[in-house]
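The values are calculated or read from the model by the stated rules, or taken from the named source; none is laboratory data. Because the structure is predicted, anything quoted here is derived from the model rather than measured. Neighbour counts are summed over all protein chains in view; Cβ atoms, including those assigned to glycine, are modelled from backbone coordinates with ideal geometry.
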Amino acid sequence: MNHHTRPRTPIRPFHAIAALVVLALVVVPAASAPQDPMANRLTLDLYPRVEGVGSPSISPDGATILYTRSFVDMQNDERRTELWMMNADGSRKRKLMDGSSPNWSPDGTRIAYVAEGEPSGAQIFIRWMDDLFSEPSQITNLTESPGGIRWSPDGTQIAFTMLVPPTQEEWKINIPVAKPPGAEWTEAPNIVDKAVYRRDRRGFIDDGKTHLFVVSADGGTYRQVSEGDYNFGSPRWSPDGSTLYFSGLLEEDAEYQWRESEVYAMAVETGAVTRLTDHRGPDSGPVPSPDGSLIAFTGNDYTEQTYTERQMYVMNADGSGRRSLTPNLDRSPGILDWAADASGVYFTVSEHGTRNLYFVPLDPQEGEARKVTDGNHQLSVTGITDDGVAVGTLSSYHRPSEVVTFDVTNPTDITFLTDHNGPLFADLELGEVEEIWYKSVDDFDIQGWVIKPPDFDPSRKYPLMLAIHGGPHGMYGVGFNLGWQNHAANDYVVLYTNPRGSSGYGTDFGNAINRAYPGKDFDDLMKGVDTVIADGYIDERNMYVYGCSGGGVLTAWVVGHTDRFAAASSNCPVINWLSFVGTTDGIGWYRNFDNMPWEDAGEYLQRSPLMYVGNVTTPTMLMTGVNDLRTPISQTEEFYAALKVLRVPTAMIRFNDEWHGTTSNPSNFLRTQLYLRHWFERHMSDDAAPKLLQRMMETDSGQR
């Protein structure tokens, strides 16, 4: 272990500190009371007022933009989404209706969208845009939620994806005893005989597969147009409407490989399917060119490595002539959209915490992929008109996502069309964000960011929170983060980094933890902590660490390898790889190791935080959703039980109505923020805790 000497502070009863705070409040005369230290800070009572803005869709004539606004609904403990519209210059914003996933018809006369329908569940609706006072028409009566809706080029049909539950006809049995009238028999068993895709509290279950469907835009019976035992991605129509392109893996093509898929073409009239790619690896996301002669898609060669940056390919419509357009980019292309003249393809790239728009010409003589926009922001482009006007959303350190537009020929002039959070944020002082780079072991360059509290005083000593991302091939970025800004508002310095294994830095960087996780990513995190400490404003007695999923794994690993943190919270973690790989919701995790566990369990145990629990002295809380399928709560229970046996201070918080994570419901987001700070401040040194606890009680008590 790395032993960093610091005084151990005994746990103080929370009610005793609260009593001191109350006493202090009683004896201070009202006339001389100091100014509220939390004034103009992002306190949790403001959380329900922060809106989400997304999914902008521009009309074919470029005159109107649809987008979604989402709101926190504390009454029903959920987020509610509405469809809004505005002129292309941002004027005349008005609500259309409740719903999501807006999609213009090719002629701009109608929109398709998804909303709650009759008799229940998400359904596809159509609304005519020339009569906004008319009622929209529900055109489906689905049993499962639709996704990836796409208009046919002539506007007569809509393609979409939907989950098809398993029928298990081959297991149909006839019980020879009739069920008596009114009898209550035990529910029939769930039969699983396919590859494991999901697990719930009942054990392994087979949910079914996502397939492609087509429905008339006027409503009527929808029909399934794909078959097989595999999931299929969102469809794209050929320009003439005769063909649907999609990716997946048909049963007749499958030797089950969890990282493989192909691109297919299906004749809409006959249902005949043609495989267009024959490539060992994941090919997906086909997008036909404007004249239908070419298809762009993404993919990479099959590899046993856990991380590989994808490339963008182009091929003829019959599948011939495949070639890479981005052989030297070493970054994964995002959304694809052809230029109107088919001269090349637009796409987004996430790198170094940012996301920007790129363009790659079809003709290699015209150069390689290049940046169109170049900013310290996270830009998601959702559409580009034939005239080259791009629409999307943009987020930065201090600004949640808002709708933006720009001309691709003048990309430095990005115009914000919405500012729905502006009035709220105008009165707030947010924590300043500083980007840092530092050297780690093996001469790796690691990027991170530091959020400092408002009214930051470099001569003071502040407690530190180290946040670790999941994935583990995830990427922290420069977009707005309400949770971290709220921690900073409570006088914490927040450090978040992208250690080796993170995406957005190339294949070699992302693959550096292949069959070595956790490992030297721990060193990357500790070097980041050392870098911030060197600036002189961190209270080394009061440093804390937390993360969920892959971040929960590394948090549990951290406390087993150093005692420098005063407390930790390992959320939705993997604690024991040996038991995890057989209980998680997929079988692909075996590929993270050289051998199957029954062949050689040593590597599984070597990488398991459970094997280092004997080193743990750091008070460690665990927070996990009871419905978690990816990192089942049994993993949390293993670590909790071990810490209890060792008499290490611990607590297990089991979040109800949560799957993978603890913040999907608004009330649980509030609880996660407060439980985290409560645990850390229970283990804070005496001279630091009362002030922070007082602030938490004064500003957040109404949300408990």
Extreme residue, nearest to the chain's Cα centre (by Cα), among residues of segment 80-95 that are surrounded by fewer than 12 Cβ atoms within 10 Å (Cβ to Cβ) and assigned to a strand (DSSP E or B): Lys95
Any hit, segment 330-346, residues being at pLDDT below 95 and in contact with a helix residue (DSSP H, G or I) (Cβ under 9 Å, 6 or more places away or on another chain): yes
Pair list, Cβ < 9 Å and 6+ apart or interchain, from segment 399-428 residues that are in a helix (DSSP H, G or I) to residues that are surrounded by 11 or more Cβ atoms within 10 Å (Cβ to Cβ) and among the aliphatic types (A, V, I, L, M): Leu424/Leu46; Leu424/Val50; Phe425/Leu42; Phe425/Val50
Residues that are within 18 Å of Tyr546 (Cα to Cα) and either surrounded by fewer than 17 Cβ atoms within 10 Å (Cβ to Cβ) or aromatic (Phe, Trp, Tyr) (or both), drawn from segment 451-470: Tyr462
Meets criteria (touching a residue at least 24 places away in the same chain (Cβ under 8 Å), crowded, with 18+ Cβ neighbours inside 10 Å and not aliphatic (A, V, I, L, M)) for Gly483: no
Output for segment 96-115, where each listed residue is closer than 16 Å to Asp130 by Cβ and either acidic (Asp, Glu) or in contact (Cβ under 8 Å) with a residue 60 or more places away in the chain (or both): Ser105, Asp107, Arg110, Ala112
Flag if Val391 is part of a strand (DSSP E or B), modelled with pLDDT of 95 or more, in contact with a Pro (Cβ under 7 Å, 6 or more places away or on another chain) and surrounded by 20 or more Cβ atoms within 10 Å (Cβ to Cβ): yes
Conditions (1) under 30 Å from Gly108 (Cα atoms); (2) modelled with pLDDT of 85 or more; number of the one not met by Thr210: (2)
Any hit, segment 433-446, residues being of a type outside the set (Phe, Trp, Tyr), in contact (Cβ under 8 Å) with a residue 12 or more places away in the chain, assigned to a loop (DSSP other than H, G, I, E, B) and touching a Lys or Arg at 6+ places or on another chain (Cβ under 9 Å): yes
Filter result for Ser234 (at pLDDT 75 or above, in contact with a His (Cβ under 8 Å, 6 or more places away or on another chain), surrounded by 15 or more Cβ atoms within 10 Å (Cβ to Cβ) and not acidic (Asp, Glu)): no
Test: residue in segment 103-114 that is within 30 Å of Ile414 (Cβ to Cβ), among the polar types (S, T, N, Q) and under 25 Å from the mean Cα position of the chain (by Cα): yes
Output for segment 152-177, where each listed residue is closer than 28 Å to Gly383 by Cα, under 27 Å from the mean Cα position of the chain (by Cα) and not polar (S, T, N, Q): Ala159, Phe160, Met162, Leu163
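Per-residue answers, yes or no, for (1) at pLDDT 95 or above; (2) of a type in the set (Ser, Thr, Tyr):
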| residue | (1), (2) |
| --- | --- |
| Val645 | yes, no |
| Pro649 | yes, no |
| Trp659 | no, no |
| Thr662 | no, yes |
| Thr672 | yes, yes |
| Leu676 | yes, no |
| Ala688 | no, no |
Segment 259-290, residues that are surrounded by 14 or more Cβ atoms within 10 Å (Cβ to Cβ), of a type in the set (A, V, I, L, M), part of a loop (DSSP other than H, G, I, E, B) and at pLDDT below 90: Val268
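Out of curiosity, is Asp530 in contact with a Phe, Trp or Tyr (Cβ under 9 Å, 6 or more places away or on another chain), assigned to a helix (DSSP H, G or I) and either at positive phi or surrounded by 20 or more Cβ atoms within 10 Å (Cβ to Cβ) (or both)?
Criteria not met by Asp530.
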Verdict on Tyr256 being assigned to a loop (DSSP other than H, G, I, E, B), modelled with pLDDT under 70 and surrounded by 18 or more Cβ atoms within 10 Å (Cβ to Cβ): no
Odd one out for Thr662, checked against (1) assigned to a loop (DSSP other than H, G, I, E, B); (2) among the β-branched types (Val, Ile, Thr); (3) surrounded by fewer than 21 Cβ atoms within 10 Å (Cβ to Cβ): (3)
Residue check, Gly519 more than 15 Å from Arg630 (Cα to Cα) and surrounded by fewer than 22 Cβ atoms within 10 Å (Cβ to Cβ): yes
Restricting segment 611-639 to residues that are more than 27 Å from the chain's Cα centre (by Cα) and more than 23 Å from Leu670 (Cα to Cα), the residue that is surrounded by the fewest Cβ atoms within 10 Å (Cβ to Cβ): Gly614
Residue match in segment 348-363 (condition: part of a strand (DSSP E or B), surrounded by 14 or more Cβ atoms within 10 Å (Cβ to Cβ) and either of a type in the set (Asp, Glu) or modelled with pLDDT under 95 (or both)): yes
Check on Tyr604, hydroxyl-bearing (Ser, Thr, Tyr), more than 30 Å from Pro463 (Cα to Cα) and buried (at least 21 other Cβ atoms within 10 Å of the Cβ): yes
Condition broken by Val215, with the remaining ones in (1) modelled with pLDDT under 85; (2) closer than 25 Å to Thr140 by Cα; (3) in a strand (DSSP E or B) satisfied: (1)
